[in-house]
């Protein structure tokens, strides 16, 4: 059975000592740190971190631990968010024709390798319906061709909101997302196939795209 824990996501201006201060706070309350991922954006002078830690041995109540972090967070001029573990993120998978990425997501979800609750599979083509329904998931077909493109994305948006989706997985979804859609679901979209970046071949295509602007 998964142990009780927390995930902390934090972003703040880059500055010396962030890792040490955060780790000291967790360890100071007997939290067991099991994962710590960090990234410094040199161009924007921003620091990002994701921590996962067990809370079964905390020396304070979990709510007090979360509230107490506010003092440190404010001193770092940070934005932060805690999520309790275990959890499953409500997830929609968007597809077009090719199904190998979809099958990988469904398989890993079935094996509990991904902390997701798949709410639906949505496609702008019908090719992946059989794969989704065979796995026991609803499949929705939305026409996005030609003049139907804008209306199609509005329908997609309505479905995602109605399903209270927390994560949108683009599994070979061969459509360019409108700006308004990206803004509304900012931080909730992940692409698991980077073939939409043909201008940036080889290693680190996202880094190349970011540097290009």
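The values are calculated or read from the model by the stated rules, or taken from the named source; none is laboratory data. Computed from a predicted model, the values in this text were never measured in an experiment. Here the Cβ positions follow ideal geometry from the backbone for every residue, glycine too, while neighbour counts run over all protein chains shown.
Observations on the structure shown:
- Exclusive hit being outside the structural domain of residue 171 (by TED's automatic domain parsing), out of contact with any helix residue (DSSP H, G or I) (no Cβ under 6 Å at 6 or more places or on another chain), farther than 30 Å from residue 159 by Cβ and surrounded by 14 or more Cβ atoms within 10 Å (Cβ to Cβ), set 34, 22: 22
- Within the stretch 193-203, one or more residues are out of contact with any helix residue (DSSP H, G or I) (no Cβ under 6 Å at 6 or more places or on another chain), under 19 Å from residue 102 (Cα atoms) and either loosely packed, with under 12 Cβ neighbours inside 10 Å or modelled with pLDDT under 95 (or both).
- All positions within the stretch 20-34 that are over 16 Å from residue 81 (Cβ atoms) and touching a strand residue (DSSP E or B) at 6+ places or on another chain (Cβ under 9 Å): 23, 27, 31, 32, 33, 34
- Test: residue 212 is modelled with pLDDT of 95 or more and surrounded by fewer than 16 Cβ atoms within 10 Å (Cβ to Cβ): no
- Residue selected from the stretch 107-126 under the condition surrounded by 15 or more Cβ atoms within 10 Å (Cβ to Cβ) and modelled with pLDDT of 95 or more, by the criterion farthest from residue 190 (Cα to Cα): 125
- In summary, residue 165 fulfils each of the numbered conditions (1) under 30 Å from residue 21 (Cβ atoms); (2) buried (at least 17 other Cβ atoms within 10 Å of the Cβ) with the single exception of condition (1).
- Number of the exception - residue 132 against (1) surrounded by fewer than 13 Cβ atoms within 10 Å (Cβ to Cβ); (2) free of Cβ contacts under 8 Å to residues at least 60 places away in the same chain: (1)
- Residue identified as surrounded by 15 or more Cβ atoms within 10 Å (Cβ to Cβ), outside any loop (DSSP other than H, G, I, E, B) and modelled with pLDDT of 95 or more among 65, 53: 65
- Of note, residue 40 does not satisfy the criterion of being assigned to a loop (DSSP other than H, G, I, E, B) and surrounded by fewer than 15 Cβ atoms within 10 Å (Cβ to Cβ).
- Residue among 58, 72 that is surrounded by 14 or more Cβ atoms within 10 Å (Cβ to Cβ), outside any helix (DSSP H, G or I), more than 23 Å from the chain's Cα centre (by Cα) and at negative phi: 58
- Filtering the stretch 113-135 to residues that are outside any helix (DSSP H, G or I) and over 21 Å from residue 163 (Cα atoms) leaves 113, 127.
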